[in-house]
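J.: Can you read through this structure? Questions will come right after.
The values are calculated or read from the model by the stated rules, or taken from the named source; none is laboratory data. A quick note: this is a predicted structure, and the numbers were derived from the prediction, not measured. Please note: Cβ atoms are built from the backbone with ideal geometry, for glycine as well, and neighbour counts cover all protein chains shown. SASA here: full protein model, heavy atoms, side chains in, ligands and nucleic acids out. Shrake-Rupley method; radii C 1.70, N 1.55, O 1.52, S 1.80 Å.
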Amino acid sequence: MRLNELTRPDFPILARRVNGQPLAYLDSAASSQKPRQVIEAMTRYYETSHANVHRSIHTLGEEATELYEAARDQVRRFIGAAAREEVVFTRGTTDGLNLLAEAIGRTLAPGDEVVITGMEHHSNVIPWQMAVRDRGAVLRAVPVVGEGFLDLETFGRLLSPRTRVVAVAHVSNVLGTINPVRQIVDQARAVGALTVIDGAQAAPHLPLDMSAIGCDFYVFSPHKMLGPTGIGVLYGHRAALDRLEPARGGGEMIKEVWLGRRHPPARRRRAPRRRGHRRPRGSPLRPALDAPSRRGRHGAGELLRLHRPRGDHPAGRRGGQTHVDDVAMHTPRDPFRSPRFGQIATFMLLPHVRDAAALDVAVVGVPYDGGASYRTGARFGPRAVREQSSLIRPWNPVAKVHPFERLRVADYGDIDVVPISIERTFEAIEAGVTAILSAKATPVSVGGDHSITLPILRAVARRHGPVGVVHFDAHPDTWDEYFGSKFFHGSPFRRAIEEGLIDPRRMIQVGIRGPLYGPEDFAFHEQHGLEVIRIEAVKEQGIAWVVGKLQRLAGGPVYCSFDIDSVDPAYAPATGTPEVGGLTSYEAIALVRGLQGLRLVGADVVEVCPPYDGPGQVTSLLAANLLFEIVSVMALAR
C-alpha cells in the first residue's frame, strides 16, 4: 500500500471533491491539513476541559492547565530540549521571530551587527530590519550561490566581534535547501553571537535535537505539521532566555505588580492537583507531534512533499543531527482498537523499535540463564514478562504520572545471546547495551539470570563512571566462584566491584535473607563497605525507613537491579533460587517507588523463571509491574 493510500483516510477534508475530482492538497509548506486525531482532540478539549490555564483552581482550570503543561512536555521530547521551561508557546513562527527580535533588539548598541541570509522567509528578515533600525545597528546578509546553497566562506568573513545575532533558516521555504545549522551555530558561538534558527520548514520533516544543533533559539509552527492553527513554538536555551528581559508584559510573566517599582518576573510553577481530580485525555498538540513519527520522518516528508536536495555539498547535509528511520509512535497502542491480549507481545503494548536514537528509555530483553546454579528457565523470562505486561494500563495513579507522555519508551527487543557460552553472551550484552547508551537512551533490562547484570554494568560504567547500586535480592551475589567459574549468577556484584564498575560505598542491598555457607560469605562486604539491609530490618523498621536509607545515594548515577527472588515465593514462586520469608508484592512495589529522587541510569529485573510459575503467571505479572514502576520513577525525573 502506498503512503497516500495509508494516510488519506486520516484527513476528513480529503474526502471533498473539487471540480469533480478528489481533492489534492499541495500547499502544506504554507499550512498542512489536520488529521482526524487532531480535530477530535480539539473538539474533546472544548467539550470537556476548556478553562483559563494557570489561573483557575476549579476542576476545569486544573484539567486545562495539565493539558497545557503536558503539551509543553510533549514538545520538549519532540525537539530534544533539556527542560519544559525551555519551551514557549507563541502564535506562530512569525510571532516567535518578532518576539526574539524585540527582546534581543533592546540589547543592541550602535555599530552592533546582525547576520541573516539571502534565503530567509521575510518573517526572518523584516523583524531584524526593524530591530537594527531602532538601535543604530547594522544588518548583513550571507549570499546564496550555485544551486541554492549558502556561501559559507562569505559567512565566515562576515562574522566579527561586533556580531550579536545570527539568524538563519534550517530549511529554505523556497529552495528546500537544508542548511548546516550546527556548523553555523559553532561559528557564531566562536564570536559570541546568539543564534536564532527558523525551523518552520524543518520541524515537519527532520528529526530535531536541540542539544545536537546547539542553538540559542529555535522557532516553528505546528500548523505546518498537522497541528492546530494559531500556535507556535519558541525554544530558548535556558541560559539564553535568562539573559533577556521579557519583551511583553502582563499575565503570568509577572510575580507581583507595583506602581513606580520594577516588576519581578514570575517563576513558572505547576498547578497542584486536587484529590479526585479526573485526568484529561490529552492535548490537541499531541496527535500532531506523534503523526510524523508514526509513519517515520521520511514518510512525513513524502506526505508533506518537502523537496530535499541531495548530493555532496556541505549545505545539503544535516550537520550534527541524528537520522531516524521508520520510528513508530512511542506510546502503547490503543487497547480500544486492538485488544490488549492481541497482536505480537511487546512490553506494555509499546512499539518495537531497534533505533535507540529515537528513545529516552529502551526496554530490552536478555534471555540468558547459562549462569544459573540451581533452577534454569530464566531465558523464558523476557517473553513471559512481555505477555503479562499487556494487563498494565499506562497511568500510574500513585506516582501521578503517565510515563509514556514524558518519555519516549519502546520495546527494543532481545539481545542475541549465545546459550552455550557465557563469555560470548557477556560480549553481546555489553555491545547491545553500549549501543543503547551511545544513543543517549537509558536501558531497562528484563532477564535472564542475574549474571547478565555484570556486562550491563560494564557498559553503564563506561558512560557514567562507577555507579551507585540499589540491589534488591534474597542473596548477596558477591560469591567468588562456583565450580571454578568466576562468572555465574552468584558473583556479578563481586566482579563489578573488582572491575571498578561500582562505587561500593554507594551500594545498598535490600531484602537479604536465608541460610548461608558460613560467616565468611559477608567478608567481602565488610572489606569494601557495602551496606546490607536484611529482610528483618525491612519488616521491623518499615518501608519509609528503607526509602530514607536509599536516598543517601541521591546526587550521583544509580543503577537498580531487582532480583525477583527478593519477593517471598508465596507472591513470586517462579525464580531460580527461592527463599522463604521475603518481601510481599506490595512491599516490593513500594520500595521501587521509593527510588524517586535518585538519578537512575539503568535498571534490570531478573531471575523470572516462567516454568515454575502457577497458572496465573503471577511472578511474570509482578515483574512487569516492577518494570512499569521503574519507568515511572524515570519519568518523574523529567
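J.: Explain nothing, just the number: relative contact order of region 510-599, from Cα pairs under 8 Å at least 6 residues apart, as a whole percent.
T.: Computed over region 510-599, the figure is 33 percent.
J.: At 7 Å along Cα-to-Cβ for each site, give me the label-to-label distance between Tyr68 and Ser211 in nm.
T.: Between Tyr68 and Ser211, the simple spin-label model gives 2.9 nm.
J.: While we're looking at this one, here's another question. Suppose all protein chains stay in the model; what accessible area per residue would a 1.4 Å probe give for region 430-527, in Å²?
T.: With all protein chains present, region 430-527 gives 35 Å² per residue.
J.: Oh, and also: Just how much of Leu226 is accessible, in Å², when a 1.4 Å probe is used and the result is rounded to the nearest 10?
T.: Leu226 exposes around 10 Å² with every protein chain in place.
J.: Could you work out how much longer the chain between Thr59 and Arg162 gets when fully extended? Use 0.36 nm per residue separation minus the Cα distance between them, nm to one decimal.
T.: 31.9 nm
J.: Over region 76-138, with the other protein chains present, what is the accessible area per residue in square angstrom, probe 1.4 angstrom?
T.: Per-residue value: 38 Å².
J.: Quick one: Cα centre-to-centre distance for region 591-628 and region 393-462, in angstrom?
T.: Answer, in whole Å: 13.
J.: Explain nothing, just the number: relative contact order of region 489-638, from Cα pairs under 8 Å at least 6 residues apart, as a whole percent.
T.: 21
J.: Can you run phi through the Karplus equation (6.51, -1.76, 1.60; θ = phi - 60°) for region 514-524 and list ³J(HN,Hα) in whole Hz, with x for Gly and Pro?
T.: With the stated coefficients, region 514-524 comes to x, x, 10, 6, x, x, 5, 5, 10, 5, 5 Hz.
J.: What is the local net charge at Val580, summed over the other residues whose Cβ is closer than 9 Å to its Cβ (Lys, Arg +1; Asp, Glu -1)?
T.: -1
J.: Still on this structure, I have one more. Stretched out fully, how many nm does the piece from Asp521 to Tyr25 gain, at 0.36 nm a residue minus the Cα gap?
T.: Net length gain for the segment: 171.3 nm.
J.: Just reorder Tyr571, Tyr374, Tyr235 by solvent-accessible area, largest first, 1.4 Å probe, all chains present.
T.: Tyr374, Tyr571, Tyr235
J.: Taking the alpha-carbon distance from Lys400 and a cut-off under 29 Å, which lysines remain once sequence neighbours fewer than 8 residues away in the same chain are dropped?
T.: Filter leaves Lys255, Lys440, Lys539, Lys549.
J.: Next question, about the same structure. Based on the Cβ-Cβ distance of Arg44 and Arg17, what FRET efficiency does E = 1/(1 + (r/R0)^6) give at R0 = 35 Å, to the nearest 0.05?
T.: Step by step, r from the Cβ atoms, then E = 0.75.
J.: To continue, here is another question. What whole number of Å gives the distance from the Cα centroid of region 350-373 to the Cα centroid of region 173-209?
T.: That distance is 34 Å.
J.: Okay, moving on. Expressed as a whole percent, how much of the Cα-Cα distance distribution for region 1-157 exceeds 21 Å?
T.: Of all Cα-Cα distances in region 1-157, 69 percent exceed 21 Å.
J.: Where a Cα-Cα gap under 25 Å defines reach, which lysines qualify for Lys34, not counting those fewer than 8 residues away within the same chain?
T.: Lys224
J.: A further question follows. Around Ile420, under 14 Å between beta carbons, what's the net of Lys plus Arg minus Asp minus Glu among the other residues?
T.: Counting the neighbours of Ile420, the net charge comes to -2.
J.: While we're here: Would you kindly find the accessible area of Lys539, with a 1.4 Å probe and non-protein molecules such as ligands, DNA and RNA excluded, rounding to the nearest 10 Å²?
T.: Roll a 1.4 Å probe over it and Lys539 shows about 100 Å².
J.: Can you list residues from other chains, or at least 5 along the same chain, whose modelled amide H is less than 5 Å from the amide H of Arg408?
T.: Residues meeting the criterion, in which the H sits 1.01 Å from N, are Asp360, Val361.
J.: Which of the three applies to region 77-173, rounded, prolate or oblate, going by the alpha-carbon gyration tensor with a ≥ b ≥ c and a/c under 1.5 meaning rounded?
T.: Judged from the Cα gyration tensor, region 77-173 comes out oblate (a/c at least 1.5, b/c at or above a/b).
J.: Apply the Karplus curve 6.51 cos²θ - 1.76 cosθ + 1.60, θ = phi - 60°, to the phi angles in region 48-54 and return the couplings in whole Hz, x for Gly and Pro.
T.: Taking θ as phi minus 60°, the curve returns 10, 9, 5, 6, 6, 6, 6 Hz for region 48-54.
J.: Which value in nm describes the separation of the simple spin-label points at Glu481 and Arg424, placed 7 Å from the Cα toward the beta carbon?
T.: 2.4
J.: In region 108-239, what percent of the accessible surface is made up of carbon and sulfur (1.4 Å probe, ligands and nucleic acids excluded)?
T.: 53
J.: Taking the Kirkwood radius as the inverse of the mean 1/r across Cα pairs, report the Rg/Rh of region 493-638.
T.: Reported Rg/Rh, Kirkwood definition of Rh: 0.95.
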